[in-house]
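Student: Structure below; questions to follow.
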Amino acid sequence: MRPRRVATEPESPRPKRGRPRSLTEERIVEALLKLAGNSRLEDVSMRALAKELRVPVMTVYNYIPSKSALHELVVNHVLRPTHFPPLEVGSWEEHMRQLQREVRHAIGRHPALSLSRYGGGGTEAARLAEGVLSILGSAGFEPADAALAFTTLYTFMVGQIEVDVIARSRGGRPEATLEGVTRSANRSRDELFDFGLDAVIEGLKAKLLKQPTRRRARQRIARIRSRSSRTTR
């Protein structure tokens with residue numbers, strides 16, 4: 001006679017270990033910034049990133065073909081929440097201050113990110129550049145003068161971000177020479193930034209806005225046309 005089979009409880013299905021969720025830009029960027037910590041993005045290997053994401057390294061390369069593309073992805077992700085104030089409300093100086101502060105804050109939240117190392121390439125950097133030029137255009141800057149103003153503002157911002165990076169590496173204290181010189185001023189780094197930005201803006205006004213009356217007239221005309229075009233849509 002055949003032995004009787006003893007009834008047993010069905011085994012619970014084992015979870016599939018190591019099966020990754022679908023990769024998204026947010027997951028990739030968060031993993032990279034987590035691994036980088038306070039160091040540099042380039043110190044994180046693609047293999048380490050793949051391990052953190054629990055996917056084969058070739059899967060990461062399918063999403064991101066190179067380190068430069070990965071850095072561009074991070075810059076785009078970090079800058080994307082930055083928005084522009086409506087040009088119809090407030091002065092162009094206020095708009096510029098708000099935008100520059102937002103950019104500095106967005107980048108400052110991520111110690112591993114530095115525009116001086118990775119550049120400002122990417123769609124979001126281009127969007128912000130167009131926004132700066134729009135603000136300058138609303139102020140009455142001619143195209144050639146707006147290009148000069150943009151270059152000056154961009155140089156100031158990249159330098160400020162690098163100062164912030166150095167300060168984070170020193171526990172919140174600025175670079176030694178800057179710290180020694182500014183100690184007597186008894187100002188925070190945010191206050192020093194605001195002072196420098198104001199000085200740049202006032203300098204651009206004095207240097208490039210040489211015909212304020214005619215420029216203000218063109219500015220008003222441009223705003224009227226802009227409002228009319230939105231109304232007729």
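Student: Filtering the range 147-190 down to residues that are at pLDDT below 90 and of a type in the set (Val, Ile, Thr), which residue is surrounded by the most Cβ atoms within 10 Å (Cβ to Cβ)?
Tutor: Of everything passing the filter in the range 147-190, Val165 is surrounded by the most Cβ atoms within 10 Å (Cβ to Cβ).
Student: Which condition from (1) at pLDDT below 90; (2) under 17 Å from Thr24 (Cβ atoms); (3) surrounded by 14 or more Cβ atoms within 10 Å (Cβ to Cβ) is the one that Asn62 breaks?
Tutor: Going through the list (1) at pLDDT below 90; (2) under 17 Å from Thr24 (Cβ atoms); (3) surrounded by 14 or more Cβ atoms within 10 Å (Cβ to Cβ), Asn62 breaks only (3).
Student: For Glu52, only one of the following conditions fails: (1) assigned by TED's automatic domain parsing to the domain that holds Met157; (2) assigned to a helix (DSSP H, G or I). What is its number?
Tutor: Status for Glu52: all satisfied but (1).
Student: Considering Val163, Val132, which residue is assigned to a helix (DSSP H, G or I), of a type outside the set (Lys, Arg), in the same structural domain as Glu102 (by TED's automatic domain parsing) and in contact with an Asp or Glu (Cβ under 9 Å, 6 or more places away or on another chain)?
Tutor: That would be Val163, the only listed residue that is assigned to a helix (DSSP H, G or I), of a type outside the set (Lys, Arg), in the same structural domain as Glu102 (by TED's automatic domain parsing) and in contact with an Asp or Glu (Cβ under 9 Å, 6 or more places away or on another chain).
Each row is one residue, and each column tells you yes or no for (1) over 17 Å from the mean Cα position of the chain (by Cα); (2) part of a helix (DSSP H, G or I).
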position	(1), (2)
His71	no, yes
His77	no, yes
His83	no, no
Glu93	yes, yes
Glu102	no, yes
His110	no, no
Ala125	no, yes
Phe141	yes, no
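Student: Another question, then. Can you tell me which residue is surrounded by the most Cβ atoms within 10 Å (Cβ to Cβ) among those in the range 75-108 that are in contact with a His (Cβ under 8 Å, 6 or more places away or on another chain) and under 26 Å from Arg189 (Cα atoms)?
Tutor: Val78
The values are calculated or read from the model by the stated rules, or taken from the named source; none is laboratory data. All of these numbers come straight from a predicted model, not from anything done at the bench. Positions of Cβ are generated from backbone atoms using ideal geometry, with glycine treated the same way; all protein chains shown enter the neighbour counts.
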